[in-house]
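Below is one structure, written out as structure tokens, with a few remarks after it.
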Amino acid sequence: MGKENDRFGTRAFLDTSGGRVLIHRLNALEREGIGNVDRLPYSIKVLLEAAIRQCDGFEITEDDVLRLARWNPAGVTPE
């Protein structure tokens, strides 16, 4: 699975009948005041979780994750 990080405090484990799996709880971003994830379209949530999983500070940066978490359909991103 590669080296996992938890830069945003979203990492959690889910026990399933197939074993334990690593997930990232997007609502943790809201608790940290990063963005209103509940209002995001499903497709943006998928991209956001992928960005969190792959955030390495180089190819995908923390700013990339923050931009997705604060995505706005009007194109205006709060600072």
Report summary line: Of the residues in the range 36-60 that are touching a residue at least 24 places away in the same chain (Cβ under 8 Å) and under 10 Å from the mean Cα position of the chain (by Cα), the one that is surrounded by the most Cβ atoms within 10 Å (Cβ to Cβ) is I52
Requested in this report: Hey, could you check the range 1-35 for residues that are of a type in the set (V, I, T) and within 12 Å of the chain's Cα centre (by Cα) and say which is surrounded by the fewest Cβ atoms within 10 Å (Cβ to Cβ)?
Outcome: I23
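Bear in mind that the values in this text are calculations on the coordinates, not laboratory data. Please read these numbers as outputs of a predicted model, since none were measured by experiment. Reconstructed Cβ throughout: ideal geometry from the backbone, glycine too, with neighbour counts over all protein chains shown.
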